[in-house]
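Q: Could you have a look at this structure, given as structure tokens, before my questions?
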Amino acid sequence: MGTSIDHADAAAAEFHEFFEAHYAELARLAHLLTGEADAADDLAADALLALWHRWDRVRDADHPVAYARGVVANMARTRIRTAVRERRRIALFWAPRGGGDAVDDPDVSAVVDVQGALRRLPFRKRACVVLRHAFDLSERDTSLVLGISVGTVKSQTSRAVAELQRLLGPETPAASHVQAAVAAQRSGGDR
């Protein structure tokens, strides 16, 4: 009986250490993926709770931090899909009746910044750019987090950076950051 209590205490201590070391990073990842600062802490906490429930498997994994990032990415994807479905329901509810021409144009006069441009990218492209450039993960580590091939990471990142460059335009200050990312993408393979 004493051995199982000691094992539980050791697991709790390991998890607490993991939590302290990676919570802020996971919350930052959630914020960058969802664009919602308020929800990022909740999303990171939910991911860590899920990790605690299967802590024996997580700590035995080859890359526990990559596993945790993958959980956050999946939860962020689910949150975004849920929000999109809810917005569609609201739009249908408030749509004019009788076949009028509905306008789905975004507010063109709005200021486009990097976060706004990131939100416009499809999830996989956004996740690749965020993990590669904001978290400075290698292509291999990014592929582990997202559960996709290294080739897919390369192509999605390249396309996402090009799309960000197009969205931000050459005149905006944020474009210089994207141009630096493009230069880094072209200059070298895996970091």
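Q: According to the square roots a ≥ b ≥ c of the eigenvalues of the Cα gyration tensor, what is the shape class of region 27-66, taking rounded for a/c under 1.5, prolate for a/b larger than b/c otherwise, and oblate for the remainder?
A: Numbers: a/c = 4.92, a/b = 2.04, b/c = 2.41.
Judged from the Cα gyration tensor, region 27-66 comes out oblate (a/c at least 1.5, b/c at or above a/b).
Q: Using a 1.4 Å probe on the protein heavy atoms only, what accessible surface does ARG77 show? Give it in Å² to the nearest 10.
A: The value for ARG77 is about 60 Å².
Q: With r defined as the distance between the Cβ atoms of ASP56 and ALA24 and R0 fixed at 35 Å, what FRET efficiency is calculated, to the nearest 0.05?
A: On the way: r = 24 Å, r/R0 = 0.70.
Efficiency for this residue pair is about 0.90.
Q: Now for a separate question. Would you mind computing, in nm to one decimal, how far apart the modelled labels at PHE15 and GLU86 are, each placed 7 Å from Cα along Cα→Cβ?
A: So the label points at PHE15 and GLU86 sit 2.8 nm apart.
The values are calculated or read from the model by the stated rules, or taken from the named source; none is laboratory data. Keep in mind the model is a prediction, meaning the values are calculated, not measured. Backbone-built Cβ (ideal geometry, glycine too); neighbour counts: all protein chains shown. The accessibility values were calculated without ligands, DNA or RNA, using every heavy atom of the protein model including side chains. Shrake-Rupley method; radii C 1.70, N 1.55, O 1.52, S 1.80 Å.
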